[in-house]
Every structure is written in structure tokens, then in C-alpha cells.
Amino acid sequence: MESNIKEKYKDLYKRAADVLKNAYAPYSGFSVGAAVLVSDGSVFTGVNVENSSYGSTICAERSAISAAITEGKREFEAIAIASSGGAAYPCGICRQVIFEFGNDIKIITGDNSESLEVNEIQDLLPKGFRL
């Protein structure tokens, strides 16, 4: 991976890790932070927000994407995910939401910013659904 790309992804992961403390996870104890990189270079963050009605819970990835969409952004380059439990991958619902916006969006995760793994969403969700 190119040095400047690697640094960009490390910075994105650090943004996800920075918001991790804001997660609301009283039921699972599993906090997640996400940072989505938009094609114009802007970054939007989100955290998981649990609810006693489990179906109302929103994942950090969808929270970050929703924040970007609220600001009119629709073209995503990458999303980084940090958690209180080490490397974390998007759940099935989040994979589908990410796939909605492109099949080559990079998914960045790891135990810390020095040991990152980068995948494309199409590799994590082969044959994703599209209308």
C-alpha cells in the first residue's frame, strides 16, 4: 500500500478510535466508533447507540454514514472501524448499507492504527443486493 494512502487510513482509523468513548453500549459493553472518508476529503464519525429495544440499536458505521448523508455527501472512499474489543468488521446490515454506495469502498479495521487490515466491501459482501 502506498505510503500516503497508508497514512490516510491510519488517520481515519484514529478518528474512529477517538469517538469510541462516545458510544452508548450499556447492554453489550461492546463500544464501536466509525469514521467515513468522503471523496471530497471530509470525514464524518459515528458510534454505536444501543437501546433496550434491541432492534432500535444503530451501529457506528450506519451512524457515520447517516451523518455524511445528512450533510449531502454520497460518495464514500473508505470507512474505518475501531472497537473496544479489537478488530471489528461491519455486521450484515452495515455491509449492505455500505455496498449501497459503491462496491469498492475500503473497510479499514484492526487492533490499533499500526496493525490495520484493508478490504473492499465487495470482498466482505460478495453479490450484494441492488435494485
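Among 27-36, 53-62, what's the highest-first ranking by average C-beta atoms within 10 angstrom per residue?
The packing order, highest mean first, is 27-36, 53-62.
For the set LYS8/LYS127; LYS6/LYS127; LYS14/LYS127; LYS21/LYS73; LYS14/LYS106, the pairs lying more than 20 angstrom apart at their alpha carbons are LYS8/LYS127; LYS6/LYS127; LYS14/LYS127; LYS21/LYS73. Working note: Karplus 6.51/-1.76/1.60 with θ = phi - 60° gives the range 29-41 the couplings x, 9, 8, 9, x, 9, 9, 9, 9, 8, 4, 7, x Hz, where Gly and Pro are set to x. The radius of gyration of the Cα set in the range 42-85, together with its Dmax, comes out at 11.5, 33 angstrom. Relative contact order, whole percent, for the range 30-76 stands at 39, derived from Cα pairs under 8 Å and 6 or more residues apart.
The value obtained for the chain, namely the Cα convex hull volume divided by the number of residues, is 104 Å³ per residue. Note on the range 9-51: dipole from Cβ charges, positive end direction compared against GLY33, ALA17, VAL43; the farthest Cα belongs to ALA17.
What is the extension gain from ASN103 to ASN4, computed as 0.36 nm multiplied by their sequence separation minus the C-alpha to C-alpha distance, in nm to one decimal?
Values: separation 99, 0.36 × 99 = 35.64 nm, distance 2.24 nm.
33.4 nm is the gain from fully extending ASN103 to ASN4.
Computed from backbone phi with θ = phi - 60° and the Karplus coefficients 6.51, -1.76 and 1.60, the 3J(HN,Hα) list for the range 106-119 is 7, 10, 10, 8, x, 7, 6, 5, 8, 10, 9, 10, 10, 10 Hz; x is used for glycine and proline.
Calculate the translational D of the range 54-131 in whole µm² s⁻¹ from Stokes-Einstein, where the hydrodynamic radius comes from the Kirkwood formula applied to all Cα pairs, the temperature is 37 °C and the viscosity 0.692 mPa s.
Here the translational diffusion coefficient equals 252 µm²/s.
For the range 5-15, the Karplus equation 6.51 cos²θ - 1.76 cosθ + 1.60, evaluated at θ = phi - 60°, returns couplings of 5, 4, 5, 4, 5, 4, 5, 5, 4, 4, 4 Hz by residue, with Gly and Pro reported as x.
The dipole here belongs to the chain: it is taken about the Cα centre, uses +1 on the Cβ of Lys and Arg and -1 on the Cβ of Asp and Glu, and is about 260 debye.
Per atom type, the chain shows carbon and sulfur on 49% of its accessible surface, probed at 1.4 Å.
Computed over the chain, relative contact order equals 22 percent, with contacts defined as Cα pairs under 8 Å that lie 6+ residues apart.
The values are calculated or read from the model by the stated rules, or taken from the named source; none is laboratory data. Keep in mind that this is a model prediction, so the values were computed, not measured. With ideal geometry, Cβ positions are generated from the backbone for all residues, glycine too; neighbour counts draw on all protein chains shown. Remember, those area values only see protein heavy atoms, side chains included, never the ligands or the DNA or RNA. Shrake-Rupley method; radii C 1.70, N 1.55, O 1.52, S 1.80 Å.
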